[in-house]
Amino acid sequence: QSKERQIRLARAPPPARRHAVPPRFLRSLPASPRSPGPVRFAPCSAMAAARSLSATAQMLATALVAGERRALSKAITLVESTQPASREAADELLSLVLPQRDASRCLRLGISGPPGTGKSTLIESLGLELASRRHRLAVLAVDPSSHRSGGSVLGDKTRMPQLSANPAAFIRPSPAQGVLGGVARRTEDVALLCESGGGGRDGGA
C-alpha cells in the first residue's frame, strides 16, 4: 500500500503557484503548457489608466490648438468629468493649451434670464450676425440638470437650429448640476478651452 501511495503521489500534478499579490490587481501573461517558466505580470490597471489619460490630454491639446472641433468636444467632456483621474488629466490639458490663448482676440458675453424670455432667439440672432462678419463663436448653454442622469434637460441647441448648422458656431449645452448663478462648475475652464482653440476673424472662438 505504501508503494502504491508513493506512485500515486509521484504521478500527481504539482500544486498550483500562489501569488503574493491578490490576482484581481494583476494580470498574468499566458505561459507555455510544457514549460511554465517565470510568471510575469502586467502593470496595475489604475496606473495604466492614468498614463492613458495623460496621453489623451496631450493628443487633445495638439488637436485643439489646430482647431479641430471634435477635439474641443472631447476636451470639454474631460474637463467636466468628476472622476479624480480625469481631473488630473484636465489640469494637464489646460496647462498645455493656455499658452496658445490670445486674450486680445476673445470676447465673452453673458446672457441670462427666466425661462421663455427669448434668450435662445437673441443668441441665435447675435451668432448669425457674427458669423456673417467672418467671426467664429462658441455658445456655452447652461441648462438645468436631470435628476436621473445629471445631464441637460432643455437642449438649447435644438432651439437655435440655424446657428447650430452654421460651421462658424460651436454650441455646447452643459448641466448646471445644482450650481446657481447661470454658470456650471467648469464653465470658466470650458471657456478657456474655446478661447485656446483660436480667436477673432477667419477662425476665432
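Given R₀ = 41 Å, FRET efficiency for residue 185-residue 125 by Cβ-Cβ distance, to 0.05?
Between residue 185 and residue 125 the formula returns 0.90.
How much of residue 69 can a 1.4 Å solvent probe reach, expressed as accessible area in Å² and rounded to 10?
100 Å²
So, in nm, how far is label residue 117 from label residue 83 when the simple model puts each one 7 Å beyond its Cα toward the Cβ?
About 3.8 nm, to one decimal.
As a test of reading the structure, rank 107, 96 by solvent-accessible area (1.4 Å probe, protein chains only), most first.
107, 96
The values are calculated or read from the model by the stated rules, or taken from the named source; none is laboratory data. Keep in mind that this is a model prediction, so the values were computed, not measured. Cβ sites come from the backbone with ideal geometry, for glycine too, and all protein chains shown count toward neighbours. What goes into the accessible areas is simple: the full protein's heavy atoms, side chains included, and nothing from ligands, DNA or RNA. Shrake-Rupley method; radii C 1.70, N 1.55, O 1.52, S 1.80 Å.
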